[in-house]
Amino acid sequence: MPPTTAPQAERTIELPQFDHQPRPYDGPSREEVLALRQRYVNPGVLTYYREPLMIVEGAMQYLYDETGKRYLDAFAGIVTVSVGHCHPHVAAAVKEQAGTLQHATTIYLHPTLPRFAEKLASKMPTGPNGTPLDRTYFTNSGSEANELAVLMAREATGNQHVIGLRNGYHGGTPNTMGLTAHGTWKFPSNAPGGIAHTHPGYCYRCPYDLAYPSCEMKCAKDVANVIAYETPGQVACFIGEPIQGVGGAVLPPKEFFGIVYDAVRAAGGLCVADEVQGGFGRTGEHYWSHQHFGVQPDLVVMAKGIGNGAPLAAVTTTEATAATMTKRIHFNTYGGNPVSMASGLATLEVIDAEGIQENARVVGGRLKEGLLELRDKHDLIGDVRGLGLMLGVELVTDRVAKTPAKQEAADLMELAKERGLILGKGGLHGNTMRIKPPMCISKDDADFLLATVDECLGIIEEKARHGSSWKA
Ligand code: PLP
């Protein structure tokens, strides 16, 4: 199956307009919900705001709080709602499936699972040497899918060592937490063996203080040293996000993954593309973010946008690699659940039918251009990067020293929220704004986002100049 690429000519996308009026909310108050949550829910739950935002309804790229206030969701529920909150086609498919057959494990045949797997296979790029990637395992989360990819690679190669990228995020299970290379996401008691990390191609913070292209890709070539020093010379696999998500939309130079994949394959390993955030057309130019780099992974891991918010994830690989899993029984009670399958199938149909990938290219391009203009205006913006609707804006208090602007990033989140804009935040220091909205976002939404970020940065800079306090 040839790689699916977006048409290059610019065309106007007519996305369906949903004239949405939120329903009057008469549920428990925000204070009651907060008190219940504080009393009964794991206290380590992440909230980006000083006071958690309460959300009671969603419609396409917008969310509504309990007062009916509308927010442009520029973070897509953590890069998950790919085609819009409660998209009518997806919601109808889920409702229909939930009313017909809500649960069946993979020990039974049920029609939705292979239909979705077939559709997914039709969207996959070719694997190494033109081998089709058309065998899929379904799980419930990206962590489980990455964990399974590691297991499959270890079984297929007989090797143990796994290479990840610094600044990467792959999940919260033992091996995926080990692969995640951000100290803030690591628990001291979890230290799985056999995992090493190489440089991520983060040009803005080059570990060698070099500049592209005169650097000659020293960072990518260092993977050979990692293999030589930290493994027995043979590895099971490399796992990398083609564009780092949690790490703050880090987009390496085009040659980066070719160099890394070659070194890993020379050491007997398989290559895994973690497309949990970058897949399904989000980068605009290609359906899969790794296609930007011209590489062919052996396994592709998917979650988040695959089901528009359903608990659904997958690993797709070649027949030969998949066959290794027949050595033992591997079972997942909810993997392939009919309701999740229906949600996934409907989501892929919408991406095709509504020109979602092309919209990501066009609106994402406009957003990036606007953000680069804001960089010229606001000293706080150190770097603007990413592709399509997977963008990052790294804030610094000093452009020369590149000092992370942590407090300013937190302030921007608060001020934007007050003005009806939800942004994401990430990077090692939490100083990179992550802009990854539902891919149905319009040009008017993009202009609203740019104007709001411009206004908020102006307020923050004014505050820094005069030391005056403000109230979010
Ligand atoms: N891989 C990437 C690139 C992710 O961004 C995430 C989650 O943010 C995961 C894996 C883990 O997915 P999940 O949270 O569904 O376990």
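The values are calculated or read from the model by the stated rules, or taken from the named source; none is laboratory data. Here the structure is a predicted model, which is why all the values come from computation and not from measurement. Every residue, glycine as well, gets a Cβ built from its backbone with ideal geometry; the counts of neighbours run over all protein chains shown.
Tabulated data for the structure shown
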{"read-out": "Residues being surrounded by fewer than 20 Cβ atoms within 10 Å (Cβ to Cβ) and either within 16 Å of the ligand (Cβ to nearest atom) or modelled with pLDDT under 95 (or both) - total across segment 334-351", "value": "1"}
{"read-out": "Only one of Ala153, Ala145 that is hydrophobic (A, V, I, L, M, F, W, C), within 26 Å of Gly281 (Cβ to Cβ) and within 16 Å of the ligand (Cβ to nearest atom)", "value": "Ala145"}
{"read-out": "Residue tally, condition touching a helix residue (DSSP H, G or I) at 6+ places or on another chain (Cβ under 6 Å) and either small (Gly, Ala, Ser) or closer than 24 Å to Ser289 by Cβ (or both), over segment 444-463", "value": "2"}
{"read-out": "Pick from segment 390-424, criterion surrounded by fewer than 20 Cβ atoms within 10 Å (Cβ to Cβ) and in a strand (DSSP E or B), ranking: farthest from the chain's Cα centre (by Cα)", "value": "Asp398"}
{"read-out": "Checklist (1) within 25 Å of Ala228 (Cα to Cα); (2) buried (at least 22 other Cβ atoms within 10 Å of the Cβ); (3) in contact with a Phe, Trp or Tyr (Cβ under 8 Å, 6 or more places away or on another chain) applied to Ala149, failing item", "value": "(3)"}
{"read-out": "Per-region count, segment 160-178, residues over 15 Å from Gln277 (Cβ atoms), within 9 Å of the ligand (Cβ to nearest atom) and not in a loop (DSSP other than H, G, I, E, B)", "value": "0"}
{"read-out": "Every pair of residues 6+ apart whose Cβ atoms lie under 6 Å, when the first sits in segment 219-243 and is under 12 Å from Ala196 (Cα atoms) while the second is hydroxyl-bearing (Ser, Thr, Tyr) and within 16 Å of the ligand (Cβ to nearest atom)", "value": "none"}
{"read-out": "Every pair of residues 6+ apart whose Cβ atoms lie under 9 Å, when the first sits in segment 168-195 and is farther than 20 Å from Gly430 by Cβ and among the hydroxyl-bearing types (Ser, Thr, Tyr) while the second is modelled with pLDDT of 95 or more and more than 10 Å from the ligand (Cβ to nearest atom)", "value": "Thr176/Val150"}
{"read-out": "Segment 179-215, residues that are charged (D, E, K, R) and away from the ligand (no atom under 15 Å from the Cβ)", "value": "Arg205, Asp209"}
{"read-out": "Some residue of segment 211-225 being touching a Lys or Arg at 6+ places or on another chain (Cβ under 8 Å) and either surrounded by 13 or more Cβ atoms within 10 Å (Cβ to Cβ) or among the hydroxyl-bearing types (Ser, Thr, Tyr) (or both)", "value": "no"}
{"read-out": "Answer residue from segment 72-88, given it is of a type outside the set (A, V, I, L, M) and on the phi > 0 side of the Ramachandran plot and is nearest to the ligand (Cβ to nearest atom) among those", "value": "Gly77"}
{"read-out": "Boolean, Tyr204 is assigned to a loop (DSSP other than H, G, I, E, B) and more than 24 Å from Gly336 (Cα to Cα)", "value": "no"}
{"read-out": "Conditions (1) out of contact with any Pro (no Cβ under 9 Å at 6 or more places or on another chain); (2) in contact (Cβ under 8 Å) with a residue 40 or more places away in the chain; (3) in a helix (DSSP H, G or I): number failed by Arg385", "value": "(3)"}
{"read-out": "Index of the failed condition, Arg434 passing every other in (1) surrounded by 21 or more Cβ atoms within 10 Å (Cβ to Cβ); (2) more than 23 Å from the chain's Cα centre (by Cα); (3) among the charged types (D, E, K, R)", "value": "(2)"}
{"read-out": "Residue under evaluation Leu428, criteria (1) modelled with pLDDT of 95 or more; (2) within 29 Å of Glu285 (Cβ to Cβ), criterion not met", "value": "(1)"}
{"read-out": "Criterion violated by Gly248 - all others in (1) under 22 Å from Val150 (Cα atoms); (2) crowded, with 19+ Cβ neighbours inside 10 Å satisfied", "value": "(1)"}
